[in-house]
Amino acid sequence: MRNYVAVDIGASSGRMILGNLVEGKLNLREVHRFKNGFTFRDGHDRWEIDGLIHEIFAGLEKLKQEGVTECTLGIDTWAVDYVLVAPGGEKLADPISYRDSRTQNKIAELTSEIQKDDIYQKTGIQFLELNTLYQLYAEDQELIKQADKILLIPDYIGYVLTGKKAAETTNASTTQMLNLRERLFDKDLLMHLDIDPCQFAELTDAGTYLGEMKPKWHEKYDIPACRVITVATHDTASAVVGTPAKGKNWAFLSSGTWSLIGMELTAPNTGRMAFEENYTNEWGAYGTYRFLKNIMGLWIVQEIARNSDSRLSFSEMADQANQYPFFKQIIDVNDPRFNHPVHMITEIQNYCRETGQDVPESIGELTNCVYGSLALRYAKELEKMKRITKRDIEALYIVGGGSSVAILNQLTANLAGVTVYAGPAEATAVGNLSVQMITEREIKDVDQARDLVRNSFDIKEYKPQKIESASVFEKYDKIIRNK
Ligand SMILES: Nc1ncnc2c1ncn2[C@@H]1O[C@H](COP(=O)(O)OP(=O)(O)OP(=O)(O)O)[C@@H](O)[C@H]1O
Ligand SMILES: C[C@H](O)[C@H](O)[C@@H](O)C(=O)CO
Ligand SMILES: [Mg+2]
């Protein structure tokens, strides 16, 4: 039996999951879980990248102690953030989080120098201030000059483990610097940022063998022999691979810190409506495109938890949210004020006060407000996607931690009028493992992987129930318009 290990590090948590194929089913076992998050250091919000790498070795040591002597390993993480690597291979600084304030107003500045439409036609990527393009535009230019390589987070971790540098395409596309037609980092954008093309590693597609674990790590840690495979290293791309979809007219919602709602296309859509609605064409595994929209997601719930000292678990917060009527308060979850406020609870309360709504006080009321507002935004975006792609959507597959929120799944089904299939919560890790198994030829392709997911996990179905939604959408539109 072959051992596959997924290292899946999201913005709020990381996990290492052992996957095995046993009698036609995918067996998962969580080996190690750890917290992730950024702290304010040296003038910016920074990730503890050394700490994350230490957690990977801790998880591998646990595996070895449990008798696993060899495995393949794939790494996926959140997008856009990078490490500047010196010619000697050491990092020049701890990576800065995409939520850092350094990119505020950088889209306006850069697009006063390069037309927004030009950037979109080159890259097909949504305009978000967190994109690598604006981070590098805001970066310490001296530090960039010292960098031999600019490696995105999962590529950097792969480099530390194996000594091999790569720029995996699903994650590289999130930089908003890949040229769709040339399938290279766009020369004009690089020149505008005064970045030498060789400061990026060679573009590498998901499903490529990267290398063995460096010998020095076997001297330092008692770990299995690992062959590292470059998977779909953008966590959302792995989540899409691990989505148990079948047929054609389906959409996905990768629901975690972010809610990424989209469709898997075989060609990018950079038409006028896609541009005006700020839809993105992130590259998917195996030549697909993830036509999607970033929605602020359960980050807002995470911050409510943090503001209330996490005295309730996420499931207790969901239970309490359920005790109140939905849509009593509605917020625009994508309002930039919710990106990184000093105090999320206060921010939500101020928003409700400013829009003439009752102010939510308890954790239950606040969580209720967020869930109702998310479900409304999901339904709105599904409608937009149908108009832009001229394709019907009959099913929405919700995967990730957010798929555990039954009421959110049901509200979404009711408002969108589509059947929602929820799970697996660890779809990202499942997609990571699937690409490893395809690369090792233990399974044939993504279709077979998705069949496997359907047969291996409990996927819950939420049929749309008839609700009076017209007034809810009217209230939503009025609040969003008048905010
Ligand atoms: N049992 C639960 N009940 C309610 N909400 C839950 C539950 N479990 C997880 N969640 C929600 O899912 C979110 C975490 O989802 P997930 O684990 O997919 O995120 P992540 O992988 O850590 O981060 P990222 O989205 O960056 O990948 C939590 O913030 C919480 O809101
Ligand atoms: C910035 C986010 O990381 C990115 O947009 C999103 O796709 C993601 O990676 C969610 O984990
Ligand atoms: Mg995740």
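The values are calculated or read from the model by the stated rules, or taken from the named source; none is laboratory data. Here the structure is a predicted model, which is why all the values come from computation and not from measurement. Please note: Cβ atoms are built from the backbone with ideal geometry, for glycine as well, and neighbour counts cover all protein chains shown. Side chains included, ligands, DNA and RNA excluded: accessible areas come from the protein's heavy atoms. Shrake-Rupley method; radii C 1.70, N 1.55, O 1.52, S 1.80 Å.
General observations
Listed here are the residues, each with its yes/no results for (1) away from ligand 2 (no atom under 16 Å from the Cβ); (2) of a type in the set (Phe, Trp, Tyr).
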residue	(1), (2)
172	no, no
201	yes, no
209	yes, yes
252	no, yes
259	no, no
272	yes, no
280	no, no
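- Residues (assigned to a helix (DSSP H, G or I), within 23 Å of residue 168 (Cβ to Cβ) and open to solvent by 40 Å² or more (accessible area, probe 1.4 Å)) located in the stretch 268-292: 286, 287
- Filtering the stretch 129-171 to residues that are small (Gly, Ala, Ser) and within 25 Å of residue 340 (Cβ to Cβ) leaves only 138.
- Of all the listed residues (257, 208, 204, 236), the sole one being open to solvent by 40 Å² or more (accessible area, probe 1.4 Å) and among the hydroxyl-bearing types (Ser, Thr, Tyr) is 208.
- Within the stretch 236-255, the set of residues being under 21 Å from residue 418 (Cα atoms), within 16 Å of ligand 3 (Cβ to nearest atom) and not β-branched (Val, Ile, Thr) comprises 239, 242, 252, 253, 254, 255.
- Counting only helices (runs of 4 or more DSSP H) that sit completely within the stretch 412-483, those holding 1 or more residues that are more than 20 Å from residue 17 (Cα to Cα) and either touching a residue at least 60 places away in the same chain (Cβ under 8 Å) or out of contact with any Leu (no Cβ under 9 Å at 6 or more places or on another chain) (or both) correspond to 446-456, 470-482.
- Some residue of the stretch 52-63 being within 16 Å of ligand 1 (Cβ to nearest atom) and either part of a strand (DSSP E or B) or of a type in the set (S, T, N, Q) (or both): no
- Listed by first and then second residue, the pairs linking a residue in the stretch 250-262 that is free of Cβ contacts under 8 Å to residues at least 60 places away in the same chain to a residue that is near ligand 3 (Cβ under 10 Å from one of its atoms), with Cβ atoms under 6 Å apart and 6 or more places separating them unless they lie on different chains, are 260/236; 260/254.
- For beta carbons closer than 7 Å, sequence separation of 6+ or different chains, a first residue in the stretch 311-323 that is near ligand 1 (Cβ under 10 Å from one of its atoms) and a second that is in a loop (DSSP other than H, G, I, E, B), the qualifying pairs are 318/405.
Residue-by-condition table, conditions (1) touching a Pro at 6+ places or on another chain (Cβ under 8 Å); (2) within 16 Å of ligand 2 (Cβ to nearest atom):
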site: 11; (1), (2): no, yes
site: 51; (1), (2): no, no
site: 62; (1), (2): no, no
site: 65; (1), (2): no, no
site: 69; (1), (2): yes, no
site: 82; (1), (2): yes, yes
site: 102; (1), (2): no, yes
